[in-house]
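The values are calculated or read from the model by the stated rules, or taken from the named source; none is laboratory data. Because the structure is predicted, anything quoted here is derived from the model rather than measured. Virtual Cβ from ideal backbone geometry, glycine too; neighbours counted across all protein chains shown. For accessibility, only protein heavy atoms count, side chains too; no ligands or nucleic acids. Shrake-Rupley method; radii C 1.70, N 1.55, O 1.52, S 1.80 Å.
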There are 2 protein chains.
Amino acid sequence: MAPIQALIFDVFGTVVDWRSSVVAELELVGKKSGAEKATADWARFAQEWRTGYMTKTRQIAAGASGPRNVDVMHREILDELLTRPEWSQIGELWDESTRQSLNLVWHRLNGWPDSVEGLKELKKHTIIATLSNGNVRLLTDMAKHAALPWDMIFSTELFDTFKPNPKAYLETMRHLAVQPHECFMVAAHIFDLRAAASLGMRTVYVPRPDEDVVVDVKSKAEGGEVDYVVKSFIELAQIIEQLNASG
Amino acid sequence: MAPIQALIFDVFGTVVDWRSSVVAELELVGKKSGAEKATADWARFAQEWRTGYMTKTRQIAAGASGPRNVDVMHREILDELLTRPEWSQIGELWDESTRQSLNLVWHRLNGWPDSVEGLKELKKHTIIATLSNGNVRLLTDMAKHAALPWDMIFSTELFDTFKPNPKAYLETMRHLAVQPHECFMVAAHIFDLRAAASLGMRTVYVPRPDEDVVVDVKSKAEGGEVDYVVKSFIELAQIIEQLNASG
């Protein structure tokens, strides 16, 4: 049996570039509705939407109440943003059907340039699975949209929690029938890897533009806290191939 | 939105030909261990293994206690078969490592001749997902082994029950965010389709050799109880393409 049986990927920011896709769709919807005059700062709107999600999922992961389905959560945050003074003018222009459609932009995100090629290569050597806070339908639609060749899609929605709650990682490992040392958690966010490492999982950090608050994550070999730091999934495929060939 | 958003497939017998794969591996393991002299009737052994699984999953679906993981269940049944008078000689020949390896034959089943081509075509038109009593790791390994291009793998293990318990179908639809009339359950077993239909799901029957106790299932158009009877997934792809084009 190969030493590394599964790679478990964070998705938003790690595999897909949410920022450019969301900003592009905001711009498009803004233009169509004449809202581009109300504000031009769609990058900030996108960041606030994402920040709302990060804050809320972290709170629920720690025990707070709230929706376990990210489509529902994204919609609640969108509606809240559109009541804020700086965006309420836009809120008046965007009706129910516009909001419903826009809310699903998170199902239509594109991979980073190395994502599809790297995942296809990795899939030859090991199981590649997601472990995302995104809901199942979102992740399924996204995989079709962005041609992400997952072997298995795990959503925390299946486990009624969010990362970084330990249950998310433990349930994923249980269903894959792998021990912590037999799998890697792959993420662009150190909080996700810290939670995985605390359960004995091995860790791969992939820095992505503007994704993390910690900017200088290092491998253990360089005195840091993660097992590997890689620039791309293609570099990761070389590492996995070597590990599984030598193991 | 397309009228049919998702096809949900039973797997053992419907997508993969468990019988020929399991019999072939039993023959191989039998020869290696010198057990072919003890019995030549591997087809009956395979059928008994399968029957044990069908009986046990149906009991647990109805509320009985027992393992929710099919790898565990398959192993319990295998060990029991090897204590029966007609096979106890083989039981003495097969050690722990032989049994462990043989038990995973259910991860290495091959598709019916139309399965891979049909699924690839169907995937262009709709979400294709499993809903199987097989555990997650089994279904993930099988998809890699047999090149089954699932968009999503649902295992009843995720929902702590087995088909035909209604929870299995309801949880699958909830996570796919589909209404019952927006999806088809596809199976070679009428009991599975009856459970799906009782919840409002649409149904496709695919007769497969020696798979069902009911041998003459008809479509509603022919006075029967299912929505469609198809000979192959390729025929099903033509139906879905027409439905989604006209809807």
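What list of ³J(HN,Hα) values in whole Hz, one per residue of the range A:222-238 in order, does the Karplus curve 6.51 cos²θ - 1.76 cosθ + 1.60 (θ = phi - 60°) give from phi, with Gly and Pro shown as x?
9, x, x, 10, 9, 6, 9, 10, 10, 7, 7, 5, 5, 4, 4, 4, 5
For the protein assembly as shown, what does the alpha-carbon gyration tensor say about shape, rounded, prolate or oblate, given a ≥ b ≥ c as the root eigenvalues, a/c under 1.5 as rounded, and a/b over b/c as prolate? Please list the in-between numbers first.
Working: a/c = 2.27, a/b = 1.42, b/c = 1.60.
Here the protein assembly as shown falls in the oblate category.
Can you give the net charge of the other residues whose Cβ lies under 12 Å from the Cβ of residue B:88, counting K and R as +1 and D and E as -1?
Value of the local net charge: -3.
Return one number: the angle in degrees, 0 to 90 and rounded to the nearest 10, between the long axis of the Cα atoms of helix B:70-81 and the longest principal axis of the Cα atoms of chain B.
In chain B, helix B:70-81 runs at an angle near 40 degrees to the longest axis.
Tell me what chain B gives for mean residue ellipticity at 222 nm when only DSSP H runs of n ≥ 4 count, each as -39,500 (n - 2.57), the sum divided by the residue total, rounded to 500 deg cm²/dmol. Display every interim value, and only then the final one.
Numbers: 10 runs with 114 residues, N = 247.
When only DSSP H runs of four or more count, the value is -14000 deg cm²/dmol.
Rounded to a whole number, what % of the accessible area of the range B:1-95 do carbon and sulfur atoms account for, probe 1.4 Å? Could you put the intermediate results ahead of the total?
On the way: 2210 of 4190 Å².
In the range B:1-95, the share of accessible area belonging to carbon and sulfur is 53 percent.
Specify the angular offset, from 0 to 90 degrees and rounded to the nearest 10, of the alpha carbon long axis of helix B:42-61 from the longest principal axis of the alpha carbons in chain B.
60 degrees
Please work out the FRET efficiency for the pair residue B:120 and residue A:80, using the Cβ-Cβ distance as r and a Förster radius of 45 Å; give the result to the nearest 0.05. Let's see the in-between values first.
Working: r = 42 Å, r/R0 = 0.94.
In this case the efficiency is close to 0.60.
Can you send over the carbon and sulfur percentage of the accessible area for the range B:153-247, probe radius 1.4 Å, protein chains only? Walk me through the numbers on the way to the answer.
Values: 2070 of 4140 Å².
Its accessible area is 50 percent carbon and sulfur atoms.
With Cβ to Cβ distances under 10 Å as the rule, what net charge do the other residues near residue B:169 carry (K, R +1; D, E -1)? Kindly include the intermediate steps, with their values, before the conclusion.
On the way: positive: B:163, B:167, B:174; negative: B:171, B:192.
Neighbour charge sum, excluding residue B:169 itself: +1.
If you roll a 1.4 Å probe over the heavy atoms of the protein chains, what accessible area per residue do you get for chain A, in Å²?
Working: 10210 Å² over 247 residues.
In whole numbers, chain A has 41 Å² accessible per residue.
Can you work out which chain A residue has the shortest Cβ-to-axis distance for the rotation that carries A onto B, and give it in Å?
For the rotation taking chain A to chain B, the closest Cβ gives A:158, 3.
If N is the number of residues in the range B:95-245, what value comes out of its Cα radius of gyration divided by 2.2 N^0.38 Å? Don't skip to the end; give the middle numbers.
Values: Rg = 15.8 Å, N = 151, 2.2 N^0.38 = 14.8 Å.
The range B:95-245 yields a ratio of 1.07.
Would you mind giving the total buried accessible surface between chains B and A, with a 1.4 Å probe and ligands, DNA and RNA left out, rounded to the nearest 100 Å²?
Chains B and A together bury roughly 1900 Å² of accessible area.
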